[in-house]
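Throughout, read-outs are computed from the coordinates displayed, never taken from laboratory work. Just so we're clear, the structure is a prediction, and the values are computed from it rather than from any experiment. Cβ atoms come from the backbone with ideal geometry, glycine included; neighbour counts cover every protein chain shown.
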Amino acid sequence: MDATNAARGLRLCDTRRRNVSRADAVLDQIGLLRSRISPHRVGAAFVESLASGRLGLRSGLGSYAVALRLPLHRFSSTSGDRRCQVCGGYDTENLDCNVLNFERHKWGGVRHDKPAYIAFDLERFIAESAETSTDCDREKLDRLLATVESVQVGAKLSELVRALKSVVPGNDAQRRTLVAILGYAGIVQIADRSGFLRSFTRVADREETPWYKDDWPYPIRWWRGGQGIDAEAVRLWFGEPPSTGGAAGVSI
Ligand SMILES: [Zn+2]
């Protein structure tokens, strides 16, 4: 963990050790934060993390991707359920920033689809990414994507995580998070499942698989080898910035 970033995160937590996560306030915060970040910015930070190991910045792509088309709605739950049926947020929730900060730096985050984490992560991303390069190191990215495409048809997620060992430094838990981020961002193709790239999949519509019991998030839990890479998603996140004409095919 980068010591400076950790200190910043902890200071942030000290000012927030209170009951802040009322769902509507968190949603409003996400709306403001995402408007200050571009797809290219989180994409570049993700690629930079492949070499630098700055996992906190890698996390931003996952959170931003889930937030990209998140409807700015009001809390909506069914009787007896404290969880919002749209985004999964809780009307009242204790946000422990120390835990979120630890997860962000240790693994690149583990709750990219949880509104409280998205708000925390995007705020930290804006604060910490100012000094990072916006250049995209295509060689490292291309190696990563080529490895994803090279796994055998029907391969399981555990096999993909293993295949990435020679491409992505770190441990298996960190590579597992990276794979989940590829799913949130729609970079890997997942047949017959809408994720978050072209439309937002509500919590109530994120189907469980019949085969995994080990907490892979949606939509990556539905991935199998051989489905390829989404070229439009790659252009959106890693292509030229929109001002120079990139991101054809997926508009924001
Ligand atoms: Zn909600």
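With respect to the conditions (1) within 15 Å of the chain's Cα centre (by Cα); (2) farther than 17 Å from LEU197 by Cβ, THR92 falls short on a single one, namely (1). Would it be correct to say that ALA180 is surrounded by 23 or more Cβ atoms within 10 Å (Cβ to Cβ), out of contact with any strand residue (DSSP E or B) (no Cβ under 9 Å at 6 or more places or on another chain) and more than 18 Å from HIS40 (Cα to Cα)? Yes. Counting only residues that are within 16 Å of the ligand (Cβ to nearest atom) and crowded, with 16+ Cβ neighbours inside 10 Å, the range 54-72 holds 5 of them.
Residues are listed down the side, and each one gets a yes or a no for (1) hydrophobic (A, V, I, L, M, F, W, C); (2) away from the ligand (no atom under 16 Å from the Cβ); (3) surrounded by 16 or more Cβ atoms within 10 Å (Cβ to Cβ):
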site: GLY88; (1), (2), (3): no, no, yes
site: LEU100; (1), (2), (3): yes, yes, yes
site: GLU103; (1), (2), (3): no, yes, yes
site: ARG111; (1), (2), (3): no, no, yes
site: LYS114; (1), (2), (3): no, no, yes
site: ARG124; (1), (2), (3): no, yes, yes
site: LEU145; (1), (2), (3): yes, yes, yes
site: GLU149; (1), (2), (3): no, yes, no
site: GLN152; (1), (2), (3): no, yes, no
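Of the numbered criteria (1) exposed (fewer than 14 other Cβ atoms within 10 Å of the Cβ); (2) away from the ligand (no atom under 16 Å from the Cβ); (3) within 15 Å of ALA119 (Cα to Cα), the one ALA51 fails is (3). Pairs linking a residue in the range 189-200 that is farther than 19 Å from GLU149 by Cβ to a residue that is among the hydroxyl-bearing types (Ser, Thr, Tyr) and in a loop (DSSP other than H, G, I, E, B), with Cβ atoms under 8 Å and 6 or more positions apart or on different chains, are SER194/THR201. Those helices (runs of 4 or more DSSP H) of the range 52-161 in which at least 3 residues are touching a residue at least 12 places away in the same chain (Cβ under 8 Å) and more than 20 Å from GLN174 (Cβ to Cβ), considering only elements entirely within it, cover 115-128, 138-150. The selection criterion, being surrounded by 12 or more Cβ atoms within 10 Å (Cβ to Cβ), within 16 Å of the ligand (Cβ to nearest atom) and in contact (Cβ under 8 Å) with a residue 60 or more places away in the chain, does not hold for ALA173.
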